[in-house]
Each structure stands twice: as C-alpha cells, then as structure tokens.
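Single-structure report; data block below.
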Amino acid sequence: MNIAVEARGLGVERGGRSVLRELDFAVPAGSLTGLLGPSGCGKTTLMRALVGVQARVSGGLTVLGAPAGAAALRSRIGYVTQDPAVYGDLTVRENLRYFAAVRGVRRGRRRAAADRAIAEVDLGDHADALARDLSGGQHSRVSLAAALLGGGPAGTDRPELLVLDEPTVGLDPVLRRDLWGHFGRLAAAGATVLVSSHVMDEAERCQRLLLLRDGRLLADEEPAALLRRTGAPDVEAAFLHLVDEAAAGGSRTGE
Amino acid sequence: MLLNPPVAFATAHRVLTQLRHDPRSLALMIVVPCVLQALLAWVFDDKTTFDRVGPSLLGTFPLIVMFLITAVTTLRERRSGTLERLLAMPAAKLDLLAGYALAFGAVAVVQAVVVTSVSVWGLGMKTAGPVWLLGVVAVLDGVLGTALGLFVSAFAATEFQAVQFMPAFVFPQFLLGGLLVPRDQMNGVLRAVSDALPVSYAIDGMQRVAAEAHPAGLYWRDIGVLTGCILLALLLGAATLRRRTP
C-alpha cells in the first residue's frame, strides 16, 4: 500500500455550515506532507476527521486502508491537537507514562517508552517539572511527545501516521528547525507525517503540500511542481496566485 | 466498549496523582466535613438531636464534595483537549469512566472512614446499629456523587456552570430526601418524587442504622437501590462521552 490517506468528495458540516467542501486528495505513505492555509480554513477540522473525532463527515475518507475513525486505527495514529492537550497538574514524565498506558504499553515498559519520547522532543531536563510550569513551547513539545509514544505491550509500535496540528507554532527558530528535521527522519523511517501550519515558509520543508482555503483545496502537489505551475518564487506567492486565479474564475462564471 | 483493566487502573492512578499534586484540595476534602460535623454537634446542644441528624448528614458530605470535584475535573478534561486525545487513542470510554470512579471512590472511602470515625469516636455520636454500616452508605454516597458529577459535566460549558449544577442537582434531593421533614410526612406528590431520587435511599439507610440495632432487609434494599443508581449514572455518563464531536 503506498497511499496512507485518501479523500474522495470529503465534506464536513459544522453548525449548519460547510467547513470542508468536496475535497479530493491522497497522501503518499512515508511522506512528510504539509497542510497549509490561513487560520480558519479548515485544517483542524480535516485533521479531526482523519483521526475520527469529527462529527458530520460526508464522502469517503480512507486512512491506512480503513475508513477514518475505525477502532483498529486508534493504536496506529499519533495525534497532536492544536492546544497542548496534556495534564498541567502532572509532571512531564507522569503525563507520558499515562498516555503510554493508554497506548497499551505494559507497566514495566512505560517508563522507558515515556523517557524515549521525552528525549525525542529534547525535554530531558524538565522530565520532573509540572507541565503547567513549562513555557508555551515546552508545553506543546510535551503534547508532541505524547503523539510520538510507541504503543503495544513493549512500547515499540511507533505510530504509522502522525497527524500534527500546528506543532511548531510559537517555537523558536532553532527548535522549529530541529523538529522539522525530526519529522523528516520519522518520514524517512517509514511513518506518514501530516503537519499543519499557517506559516507558508514551513512549506519548503515538506515533500508534498495540501493548500487549503475556505474549506476548499487549492493544491495537492510537490512544492517544486507548485512553484513551476504558478511561476511563483515561493509558496506564499503561489498561494496568493491560486487564490486570485480562483477568484477570477469564480467571477467569470458569475458565482 | 469492552473494559480494559490496565487502562482503567492507569486512569485511576493518574487522577490520584493529579490530586496528590494538589494537597490543599485533598486536605479540604477530608477536613471540611469533619469541621462541619463538629459544628453540628456543637449547634445541637442536646446529644439526642445530634445522634438523630448526624448520621444523615454524614452521607451528604461525600456526595457534595465528590460531585463538585468530579464535575469540575471532567469538565476540565473535556475543555483542555485531553479527552479528545484520549478518545483518539485506543481507550474505551468505559475505561476512563471506571478509572474516574475507582479514583474518586478510593478518596470517598478515606473521607467516609475519617468523618465517620471523628463523628463516632471524637464527637460521641451514638447509633443503634453498627458503625461500619454507616461507612458503607457514606462510601456509596461518594461514588454516587462521582457518577452524577460525570454525567452533569456533559451539560456544563464552564466551571461556573458545573458548580451551579450542584445546588440544582443535589439540594432538591436533600430537601426531598427526608433530611428536614421525614419522607412519610410529605404529601403524595413530593413523596412520589422523593421515592425516585437516589439520595432518599442514602438518607433512609443512614437513619435505619441510627435507629435500629440490627438493620436488615430494608437497609440492604437501600444499598441495592443506591448501587443501581450509581451504575445507571455511570452508563448515562458514558453515553455523554462522544468520540465524534461537532
């Protein structure tokens, strides 16, 4: 199987309004794919649909060969919500030991699984600090570590699909570079990594791009191909080009 | 929806660890009911009134405290995104609820044992029946409070609302449960409503232990009804945990 996520006519309705409309795209397995678009364009809703916590999803959405939200998928996906979803009144290590337990890691292996995830996000010095006492960036790294945790009894089953909702927002440039490097290595090791961001210059670190605006897909291609097609110098300019093009096309057809 | 004991135990352990990091709340949960019981003993100068009212009140503290703490904790979990994360992980909803019930049930046991001991041996409260039967009702009251709190947290959007649900949900049960006016002196309508409320059975059970040397059939019926209500509230609570949300 070389397609990790496939959407066919995907739509989501929230509060009587279409938040996502007629999306068709495919995410290749083992790729580092960026989901880019301005705030409020539907990135989070799309990610929630992928991990199976979004209500009122229509159309087809296949994840790792199963319909999105299938119970068997839950142990194969790592998900980071936009706000750091960790317990502020637990230490970093206590948080991760708990999430390891929920991922099915045996009691004796939880500490090791937690410590490995903590090392991956470079929080070793803060393992025994309460999460609420950490800075914003450290806080979101704890949340990221929880998604990177291995599952299964031995804690060695790494998630096959990582769905990361704006994991690098508010982080310092060095850390952002390190994390993107880490995402690249995870993809190289075989995981499919889908990262959302509203910062267009993060696109250059992705092998593939999904550009989203107003619930519609503007592009689904490789960054180089996107720049060639639009003749734009960077992804931000390409995005603007596509928006203008869509607006012009819309006015011509009288929409 | 099958129960997965390691996840339930890990959840209980996590909730208790959170409480351990908040020693002030823990102290309030244990100390406040004891102080209130002492105040009650002091207000009722004559010992017989305290012996009559004390046991009934003994069951109300665990209910109120556990209701509040569970409602607020669960609400926080819903709002902080941790619940969404857990539901996207291989955790059954029942595992999480069972974890909460286990953790707060354990706190309810400690609270019930301490308050009962202080009332009986510290304040000289006398009951006709064995003291441990009071403890059984007190623990069930605490667990009932947890179960109701879990259920109610689904209908509160903020911590303020969750706290306001306490007088709305719990006080009517105290008024109609026979704390102020014995249930058999109420008019037909009130009596019928009172029969349908779980706290009535908790107070009945307490009063039987206070008055009867060997509470038997009716006491255990009260215990049975309470247990049934706890299971029902937990199932309702599970139904309010939605994996897919708008």
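The values are calculated or read from the model by the stated rules, or taken from the named source; none is laboratory data. Every value quoted in this text rests on a predicted model; they were computed, and no experiment measured them. So basically every Cβ, Gly included, is an ideal-geometry build from the backbone, and we count neighbours across all protein chains shown. Calculation scope for accessible area: heavy atoms of the full protein, side chains included, ligands and nucleic acids excluded. Shrake-Rupley method; radii C 1.70, N 1.55, O 1.52, S 1.80 Å.
What number of residues in the range A:135-154 are open to solvent by 20 Å² or more (accessible area, probe 1.4 Å) and assigned to a loop (DSSP other than H, G, I, E, B)? Working first, answer last.
Kept after step one, since they are open to solvent by 20 Å² or more (accessible area, probe 1.4 Å), are these residues of the range A:135-154: A:135-136, A:138-141, A:153-154.
Within this subset, residues satisfying the condition of being assigned to a loop (DSSP other than H, G, I, E, B) are A:135, A:153-154.
Going through the range A:135-154 one residue at a time, the tally reaches 3.
Just checking, which of A:THR156, A:THR168, A:THR192 is within 13 Å of the chain's Cα centre (by Cα) and modelled with pLDDT under 90?
Details: A:THR156 fails: within 13 Å of the chain's Cα centre (by Cα); A:THR192 fails: modelled with pLDDT under 90.
Checking each option against the conditions leaves just A:THR168.
Anything in the range B:186-220 that is of a type in the set (Gly, Ala, Ser) and either in contact (Cβ under 8 Å) with a residue 24 or more places away in the chain or touching a Pro at 6+ places or on another chain (Cβ under 7 Å) (or both)? List them, or say none. Before the answer, list the steps.
Taking the range B:186-220 first, the residues of a type in the set (Gly, Ala, Ser) are B:188, B:192, B:194, B:196, B:200, B:202, B:205, B:210-211, B:213, B:216-217.
Answer for the range B:186-220, where residues must be of a type in the set (Gly, Ala, Ser) and either in contact (Cβ under 8 Å) with a residue 24 or more places away in the chain or touching a Pro at 6+ places or on another chain (Cβ under 7 Å) (or both): B:SER200, B:ALA202, B:GLY205, B:ALA210, B:ALA211, B:ALA213.
Can you name the condition, by its number, that B:PHE104 falls short on among (1) within 14 Å of chain A (Cβ to nearest Cβ); (2) open to solvent by less than 40 Å² (accessible area, probe 1.4 Å); (3) hydrophobic (A, V, I, L, M, F, W, C)?
(1)
Can you tell me which residue among A:LEU179, A:LEU164 is open to solvent by less than 30 Å² (accessible area, probe 1.4 Å) and either of a type in the set (D, E, K, R) or within 20 Å of A:VAL63 (Cα to Cα) (or both)? If you could, list the steps in order and put the result at the bottom.
Values: A:LEU179 fails: either of a type in the set (D, E, K, R) or within 20 Å of A:VAL63 (Cα to Cα) (or both).
Answer to the selection: A:LEU164.
Out of the residues in the range A:205-229 that are open to solvent by 20 Å² or more (accessible area, probe 1.4 Å) and in contact with a Phe, Trp or Tyr (Cβ under 9 Å, 6 or more places away or on another chain), which is nearest to A:LEU171 (Cα to Cα)?
Step one: filter the range A:205-229 for residues open to solvent by 20 Å² or more (accessible area, probe 1.4 Å), giving A:205, A:207-208, A:213-214, A:216-218, A:220-225, A:227-229.
Subset that is in contact with a Phe, Trp or Tyr (Cβ under 9 Å, 6 or more places away or on another chain): A:205, A:213, A:217-218, A:220.
Details: A:ARG205: 16, A:ARG213: 24, A:LEU217: 27, A:LEU218: 27, A:ASP220: 27 Å.
Checked the range A:205-229; the qualifying residue nearest to A:LEU171 (Cα to Cα) is A:ARG205.
Count, please, the residues in the range A:184-204 that happen to be closer than 24 Å to A:ALA238 by Cα and either in a helix (DSSP H, G or I) or open to solvent by less than 10 Å² (accessible area, probe 1.4 Å) (or both). Let's see the steps before the verdict.
Residues of the range A:184-204 closer than 24 Å to A:ALA238 by Cα: A:184, A:193-204.
In the following step, the residues that additionally are either in a helix (DSSP H, G or I) or open to solvent by less than 10 Å² (accessible area, probe 1.4 Å) (or both) were identified as A:184, A:193-197, A:200-204.
Result for the range A:184-204: 11.
Right, B:ALA233: touching a Phe, Trp or Tyr at 6+ places or on another chain (Cβ under 9 Å), away from chain A (no Cβ under 14 Å) and surrounded by 13 or more Cβ atoms within 10 Å (Cβ to Cβ) or not? Break it down into steps so the answer makes sense when it comes.
Working: touching a Phe, Trp or Tyr at 6+ places or on another chain (Cβ under 9 Å): yes; away from chain A (no Cβ under 14 Å): yes; surrounded by 13 or more Cβ atoms within 10 Å (Cβ to Cβ): yes.
In short, yes.
Could you tell me which residue of the range A:90-110 is most open to solvent (accessible area, probe 1.4 Å), considering only residues that are out of contact with any Leu (no Cβ under 9 Å at 6 or more places or on another chain) and more than 9 Å from every other protein chain (Cβ to nearest Cβ)?
Top of the filtered list is A:ARG109.
Does A:ALA55 meet the test of being within 13 Å of chain B (Cβ to nearest Cβ) and over 13 Å from the mean Cα position of the chain (by Cα)?
Details: within 13 Å of chain B (Cβ to nearest Cβ): yes; over 13 Å from the mean Cα position of the chain (by Cα): yes.
So A:ALA55 fits the description; yes.
Which one of the conditions (1) of a type outside the set (A, V, I, L, M, F, W, C); (2) within 14 Å of chain A (Cβ to nearest Cβ); (3) open to solvent by 50 Å² or more (accessible area, probe 1.4 Å) does B:ARG243 fail to meet, given that it meets all the rest?
Exception for B:ARG243: condition (3).
Hey, can you tell me all the residues within the range A:119-134 that are surrounded by 16 or more Cβ atoms within 10 Å (Cβ to Cβ) and within 14 Å of another protein chain (Cβ to nearest Cβ)?
Hits for the range A:119-134 are A:LEU130, A:ALA131.
Take A:GLY78 and tell me if it is under 18 Å from the mean Cα position of the chain (by Cα) and at the interface with chain B (Cβ under 8 Å from one of its Cβ atoms). Spell out the reasoning first.
On the way: under 18 Å from the mean Cα position of the chain (by Cα): yes; at the interface with chain B (Cβ under 8 Å from one of its Cβ atoms): no.
No; evaluated as a whole, the condition is false for this residue.
Can you confirm whether the range B:154-165 contains a residue that is away from chain A (no Cβ under 14 Å), closer than 27 Å to A:VAL53 by Cα, free of Cβ contacts under 8 Å to residues at least 24 places away in the same chain and in a helix (DSSP H, G or I)?
yes
Tally up the residues in the range B:121-155 that are closer than 30 Å to B:ARG244 by Cβ and open to solvent by 10 Å² or more (accessible area, probe 1.4 Å), please. Quick ask: steps written out before the conclusion?
Filtering the range B:121-155 for residues closer than 30 Å to B:ARG244 by Cβ gives B:143-155.
Those still in the list that are open to solvent by 10 Å² or more (accessible area, probe 1.4 Å) too: B:143, B:148, B:151, B:154-155.
Residues flagged as closer than 30 Å to B:ARG244 by Cβ and open to solvent by 10 Å² or more (accessible area, probe 1.4 Å) within the range B:121-155 amount to 5.
Only one of B:THR11, B:THR82, B:THR17 is surrounded by fewer than 22 Cβ atoms within 10 Å (Cβ to Cβ), among the polar types (S, T, N, Q) and either within 14 Å of chain A (Cβ to nearest Cβ) or within 22 Å of the chain's Cα centre (by Cα) (or both); which?
Numbers: B:THR11 fails: surrounded by fewer than 22 Cβ atoms within 10 Å (Cβ to Cβ); B:THR82 fails: surrounded by fewer than 22 Cβ atoms within 10 Å (Cβ to Cβ).
From the options B:THR11, B:THR82, B:THR17, the qualifying one is B:THR17.
Restricting attention to the range B:34-56, does a residue exist that is within 12 Å of chain A (Cβ to nearest Cβ), open to solvent by less than 40 Å² (accessible area, probe 1.4 Å) and touching a residue at least 40 places away in the same chain (Cβ under 8 Å)? Explain how you work it out, then say what you get.
Kept after step one, since they are within 12 Å of chain A (Cβ to nearest Cβ), are these residues of the range B:34-56: none.
Checked against the condition, which is being within 12 Å of chain A (Cβ to nearest Cβ), open to solvent by less than 40 Å² (accessible area, probe 1.4 Å) and touching a residue at least 40 places away in the same chain (Cβ under 8 Å), the range B:34-56 yields no hits at all.
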